[in-house]
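None of the figures in this text is laboratory data; all of them are computed from the coordinates on show. Since this is a predicted model, take the numbers as computed values, not measurements. FYI the Cβ positions are ideal-geometry reconstructions off the backbone, even for glycines, and counts take in every protein chain you see.
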Amino acid sequence: MNDWSGNTQAVMATLNASSLTDKERPFQDYYATPPEAAERLLEREAFSSVWECACGQGHISEVLRKHGILRYSSDLIDRGYGDQKDFLSTQSIDSDIEIITNPPFSKSTEFVYKAMSLLSDGRKLALLLRIQFLESVKRKKLFEQYPPKYIYVFSRNIRCARNGDFEHATGNASTYAWFVWIKGFAGEPTVRWL
């Protein structure tokens, strides 16, 4: 017996599957991070000298600055904050640098590979990503090569703002998590809740 009388496309749009929604994707996949999301990460993880490499309008960077750990802010697109720089074409970084950012979801796998190629052993990478980042055959290889040490799942929905517009940000059914890698870690990830 079939109890389903709904519309699959509507369900997927509700779950933030943007390929099935009638809204255009934000320019360069830009969803700004609410500052409290960065605060929650820093309650659980210590960082020393951070590059925010997809800084957008500086929402994460300002939290890092407040905590005295911001070293550098940049973004591919000039949104009025930080330097304009293509993280994915970066060739090297200082050995003490760690990375915290909310990358464009469409480039998040590339961000992990690039960051892990740049970071020194023992340094951290923290990316704010939808929980769906755990899915996909392509990323299975990534997780086998570079397992995150921690996945911090938000127990309450956070609202990332399309094109940085927090005034009109609405809730959605997406669940976000901070994925934290430590260069050289080779164990099983630990899942924790924020």
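Among the residues of the stretch 56-86, write down those that are crowded, with 23+ Cβ neighbours inside 10 Å and touching a Lys or Arg at 6+ places or on another chain (Cβ under 8 Å).
Result: Gly56, Asp75.
Search the stretch 78-105 for residues that are among the small types (Gly, Ala, Ser) and pair each with any residue that is outside any loop (DSSP other than H, G, I, E, B) when their beta-carbon atoms are under 9 Å apart and the residues are at least 6 apart or on different chains.
Gly82/Glu52; Gly82/Ser61; Gly82/Tyr72; Gly82/Ser73; Gly82/Ser74; Gly82/Asp75; Ser89/Lys114; Ser92/Leu118
Considering each residue of the stretch 138-159, count those that are within 16 Å of Leu127 (Cα to Cα) and either of a type in the set (Phe, Trp, Tyr) or loosely packed, with under 11 Cβ neighbours inside 10 Å (or both), and give that number.
Residues meeting the conditions: 5.
Would you check which residues across the stretch 115-132 are buried (at least 18 other Cβ atoms within 10 Å of the Cβ) and hydroxyl-bearing (Ser, Thr, Tyr) and list them?
none
Give the residues of the stretch 87-109 that are among the charged types (D, E, K, R), within 22 Å of His59 (Cα to Cα) and surrounded by fewer than 21 Cβ atoms within 10 Å (Cβ to Cβ), sorted by residue number. Break it down into steps so the answer makes sense when it comes.
Going through the stretch 87-109, the residues among the charged types (D, E, K, R) turn out to be 94, 96, 98, 107.
Next cut, within 22 Å of His59 (Cα to Cα) only: 98, 107.
Matches in the stretch 87-109: Lys107 only.
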